[in-house]
Amino acid sequence: MKTELISKSPLAKLSSVFWKFTPESTKRKLIFESRIQHAKSIMKINPQGLNSLIRALGRTVQAHGIQNVLNYYEDHQIPTLSFDNLLFDPWTPLTASRKQAMDLIVHTDTKYKISLSRDLIIPWPWFRSRISSAFAEIGFGKKKGDWEADHNHLVTIVLPFGACFVDGGNHSISAGIVNGEGSVINSSSWDISPLYAHVKFDGHVYRRTFDNSIIHTPGLPNSEFGAIFEIGRLMVEQGIRYDGQPCNSQSRQESSDDEKYQIRYAVYKNSVKQLYDLTASAVTFHLSQQGLIEGSNHWNSVFRGESSILIERFGKKVEYKFIPYFPVPLYGHILH
């Protein structure tokens, strides 16, 4: 009833009519200004809240990057999402003396442990068959098991707002994002704080300040990133930065305590203990492959180590039993 009354109020009707006949360019400008006002309201309460706002705004772009590969039939049609088209070409001259953005960006060795479930990572998978395999095989209870970072995963973090662009591993990183699994350490770090003295986004275009000329006109939904850029300006003014977890600069990839000390399963094959353990993800995969229904009495009994299961290996039925224990080093994932 309350919703119905609000929807029929004269003010609501007026706003609805106004919005219906408002040009798209004006809508984009109004939405941009509304987001900046939200940022300023959050800043008055707690400036660190800007990090949460950036992640909220960036989800649209992130989802667009992953969904592009699902929307096109030809791999070559899939647009890229990078610094160049979300912000502007880093080789663009920004000053009267022709200094380029890349000359002003500060390249640092700062390393962060970037969470695929929490942080704003923007992949652009472009190969349809690869994304299909990544979605089907990577993740808890799937063939390749839990998501893990490796040397193929290359990520550039852009400070102060902490958005990350993927330079390698786009397909598997996309799988990690949608599964909410894993973390990766950035391979490079760009601090673009010095650019704010030379560039502004006005809701439509990026302009360089010394001559007010347009340096980039992003299309939808890439223009969503303009608000993130300008919220970064507020962060610089407030002296705050991305709130991620710094890590050892000498380490390429690290595991958190939670990852190191997850429950393991000792494997008994025909009552003989094997020389490898399994993760809960691996046990889930093998039980699913045998047709067990997750949550059923049989499933739960096997998962608790109370019952065994017969699995066909090379034409023979083999009895396997999985005994949970916690914690030990992990030696294997696939049954031998």
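Bear in mind that the values in this text are calculations on the coordinates, not laboratory data. Everything quoted here is computed from the prediction, not taken from an experiment. All Cβ positions, even for glycine, are placed from backbone atoms using ideal geometry, and neighbour counts span all protein chains on display.
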Legend entry - Rough spin-label spacing in nm, given labels placed 7 Å along Cα→Cβ, for S41 and T22: 1.5
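Based on the alpha-carbon gyration tensor of the range 86-129 and its eigenvalue square roots a ≥ b ≥ c, which shape applies: rounded if a/c is under 1.5, prolate if not and a/b is larger than b/c, or oblate? Display every interim value, and only then the final one.
Numbers: a/c = 3.47, a/b = 1.66, b/c = 2.09.
It comes out oblate by the Cα gyration axes.
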Legend entry - For the chain: span of alpha carbons on each principal axis (Å, largest first): 77, 58, 45
Legend entry - Fully extended contour minus Cα-Cα distance, from V106 to T209, at 0.36 nm per residue: 35.1 nm
Inset, instruction - For K321, go through the aspartates and glutamates and keep the ones whose alpha-carbon is under 18 Å away, minus same-chain ones fewer than eight residues off. - result: D277, E294, E306, E312
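Tell me the relative contact order for the chain as a rounded percent, counting alpha carbon contacts under 8 Å between residues six or more apart. Mind dumping the intermediate values first?
Values: 568 pairs, mean separation 60.6, N = 336.
18 percent.
Please return the longest stretch of the chain lacking exposed loop sites, where GluC sites (Glu not before Pro) count only if DSSP places them in a loop and at most 10 other Cβ atoms lie within 10 Å.
Details: sites that count: E74, E306.
The answer is 75-305.
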Legend entry - Per-q log10 I(q)/I(0), the range 19-93, q = 0.12, 0.20, 0.24 Å⁻¹ (Debye; single scatterer per alpha-carbon; no solvent): -0.55, -1.08, -1.09
Legend entry - Residue pairs, from the table K113/K269; K113/K200; K44/K99; K144/K269, whose Cα atoms sit over 26 Å apart: K113/K269; K113/K200; K44/K99
